[in-house]
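Structure record follows, encoded as structure tokens.
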Amino acid sequence: MEFALPPFLPFFLGALVVAVLRGRAQAGVAILVPILGFANLWFGMPGASETLKILDFTLVLVRADELAMLFGWLFHIAAFIGLVYSSHLRDTTQQVAALAYAGSALGAVFAGDFITLFIFWELLAISSVFLIWARRTPRAIAAGFRYLLINVFSGVILLAGALVRLWETGSLEFSYIGLEAGLAGWLILLALGVKAAFPFLHNWLTDAYPEATPTGTVFLSAFTTKVAVYALARAYPGTELLIYIGGAMAMFPIFYAVIENDLRRVLAYSMINQIGFMVCGIGIGTALALNGAVSHAFNDVIFKGLLMMSMGAVLHMTGRINGSELGGLYKSMPITTVLCIVGAASISAFPLFSGFVSKSMVMQAAMDEGYPVIWLALLFASAGVFHHAGIKIPFFAFFAHDSGIRTTEPPLNMLLAMGVAAVLCIGIGSYPDVLYGLLPYEAEYHPYDWSHVITQTQLLFFSALAFVWLNLTGRYPPELPSANLDAEWLYRRLAPRVAGCAISALDRMNAALDRFGQRVKDRAIAYVEHHHGPEGYFARTWPTGSMVALVAMVLVASLAFYLA
Amino acid sequence: MTAPKDDKPGWFDDWGNVKKLLRAFYAVCGLLFLVDFLYHRHALNEWEGFWGFYPVYGFVACVLLVLIAKQMRKVLMRDEDYYERKRDRAERGDDA
């Protein structure tokens, strides 16, 4: 495919223009950019990739096949919704960062070689960190630094892997790699895994996303992880290891989500759970599984964005986001409540909502390819996600006990953005063929048959029944102000402590050496002083008589030698 | 915090309303459970076709999820400012 402009360009140019504008003009231009970009994609013609020669390298700036195009459409839609949602902001940093961030994501998914990918990979991190720092709290500043370090580091590993690849094969082409590529395969997988939030590499997401601004987190949830999913789908389809990594990613976050208080951190864990489904589908590698993975990525950006927007609206209007401090908001924010519930129904895969038509493809593929245990794990995770995202989020924010907070609906632009996302969720869910037409792989799938609808509805209603029973019998854990330890403890507590101990041990050794050196020095000086100092033997004055006698003896001795 | 005095009570504040909703909910759940007997479900394999599989799995999975999460909380829960607080103490030279 060829376009009038490389898809990333309108966004970076837009960022420059927006940087010098203010007020309504700034917001207006910002919203215009994804519309123009969308048109740029729409009027693309079949054609060759766009390349750029620098020194010896040919950078493939735009390689647009169906897989890339799917994400291209998705990111334009996400950018549009996000920019409408944030158009009330009078914060130039955030607007510029958001546009640059969306542009980087587009640059990454249309990149045809690893160097181009690397450049946009790092730009993703550098642009988005400002959305975290824009919150301007000490926690956000610190979290932003950790986020930046980890994400930039993943880019360094990506570059290392790409260079090994170049050395081994002579090619930098961004296409299938697989683990059979040896060191390069493992390095690149590790780099992608960091940005995809693999287990133990995931805490940058749960740490930083809840600390960003109410509008910033909406952007954050849309791009970085989905670029990683795209890259995995391109470079590692069918890698069996990913099936188990995906299964683990689908399972462990739902436990954390139940006991987490910050509702946006609950959504952050939920993101890892959803990405787990995608990673698992990529690992299975059949056409159905891959279609499931990328279509779920598509739907996830929209319904996760909707959930993040509704929680962002709550934070924006009440200043609070902890489940322990919220409740009863359905009275003040009924429209937001309904929109949140649409998002919740979508992530839970209710029939007629978008999640229903994509998640089940991955599960079907898991069963078809003979992974019943994985299928059971994914089913468990599906029930679990309904529990913490489908029920807990709307319940503790808008219902539960009345927190006494009274406010109003968020500004119109936020409601509109949420409305667009909600319409898409229901539209795609009820009429999936439009989405299916964009899917890159050949696989027939019909989500609406009686079996599927009934079994899914059963699963969801009885999960809800469990929630009701646990609450009515007082067994449900209350929302408590708290932090829960996760893998980040290793580098936020253990590593600094170990480093601190090592440094103080070195300090003590240094001090001991110093003291030893001092003692040696003091002893040497004392010795010299003792013998050569004022009291010393060599400083003694001799009586003149003895000196004369000594001289006489010396003269007699020398006379004796002379005469003999 | 309690609601402001001149506040209109919401629909869900009335426990009677909530009970009506719950009764309707239980009825739907019962219906869904019975539906398994009424039609031939195209099962994916032998045990998944077991009647009541999905209702039971959904219910048990969620109960297990919450109970395990509660146990996890006993090990993992800390104060909200756990990471910030320790850093402040370290900076003041308190080597704890």
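The values are calculated or read from the model by the stated rules, or taken from the named source; none is laboratory data. Given the structure is predicted, the values throughout are model-derived calculations rather than measurements. Note: ideal-geometry Cβ built from the backbone for every residue, glycine included; neighbour counts use all protein chains shown.
Annotation: of all residues in the range B:59-86 being more than 8 Å from chain A (Cβ to nearest Cβ) and basic (Lys, Arg), the one that is surrounded by the fewest Cβ atoms within 10 Å (Cβ to Cβ) is B:LYS74. Please work out if A:PRO440 is surrounded by 14 or more Cβ atoms within 10 Å (Cβ to Cβ), touching an Asp or Glu at 6+ places or on another chain (Cβ under 7 Å) and more than 11 Å from every other protein chain (Cβ to nearest Cβ). Taking the combined requirement at face value, the residue satisfies it. One residue stands out among those in the range A:268-327 that are charged (D, E, K, R) and part of a helix (DSSP H, G or I): the one that is farthest from A:ASN484 (Cα to Cα), which is A:ASP300.
Candidates A:ILE405, A:ILE374: the one that is farther than 30 Å from A:ALA287 by Cα, crowded, with 18+ Cβ neighbours inside 10 Å, of a type in the set (A, V, I, L, M, F, W, C) and in contact with a helix residue (DSSP H, G or I) (Cβ under 7 Å, 6 or more places away or on another chain) is A:ILE405. Annotation note: Cβ proximity below 9 Å between a residue of the range B:10-37 that is within 10 Å of chain A (Cβ to nearest Cβ) and a residue that is acidic (Asp, Glu) (sequence gap 6+ or interchain) occurs for B:GLY10/A:ASP402; B:ASP13/A:ASP402.
Yes/no matrix, rows are residues, columns are (1) more than 30 Å from A:LEU83 (Cβ to Cβ); (2) outside the structural domain of A:LEU326 (by TED's automatic domain parsing):
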| residue | (1), (2) |
| --- | --- |
| A:MET414 | no, no |
| A:ILE428 | no, no |
| A:GLY437 | no, no |
| A:SER451 | yes, no |
| A:ARG475 | yes, no |
| A:ARG508 | yes, yes |
| A:ALA511 | yes, yes |
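Would you be able to tell me the number of residues in the range A:1-30 that are crowded, with 20+ Cβ neighbours inside 10 Å and within 17 Å of A:ASN413 (Cα to Cα)? Result for the range A:1-30: 3. When every residue of the range A:35-51 is checked against the conditions, at least one turns out to be among the hydroxyl-bearing types (Ser, Thr, Tyr) and not in a loop (DSSP other than H, G, I, E, B).
On the given criteria, is A:PHE252 of a type outside the set (A, V, I, L, M), within 29 Å of A:HIS401 (Cα to Cα) and not assigned by TED's automatic domain parsing to the domain that holds A:HIS202? Here the answer is yes, as A:PHE252 does meet what is asked. When A:ASP486 is tested against (1) touching a helix residue (DSSP H, G or I) at 6+ places or on another chain (Cβ under 7 Å); (2) more than 8 Å from chain B (Cβ to nearest Cβ); (3) surrounded by 11 or more Cβ atoms within 10 Å (Cβ to Cβ); (4) among the acidic types (Asp, Glu), exactly one condition is not met: (2). No other residue among A:THR93, A:THR116 is assigned to a helix (DSSP H, G or I), in contact with a strand residue (DSSP E or B) (Cβ under 9 Å, 6 or more places away or on another chain) and without any contact (Cβ under 8 Å) to a residue 60 or more places away in the chain apart from A:THR116.
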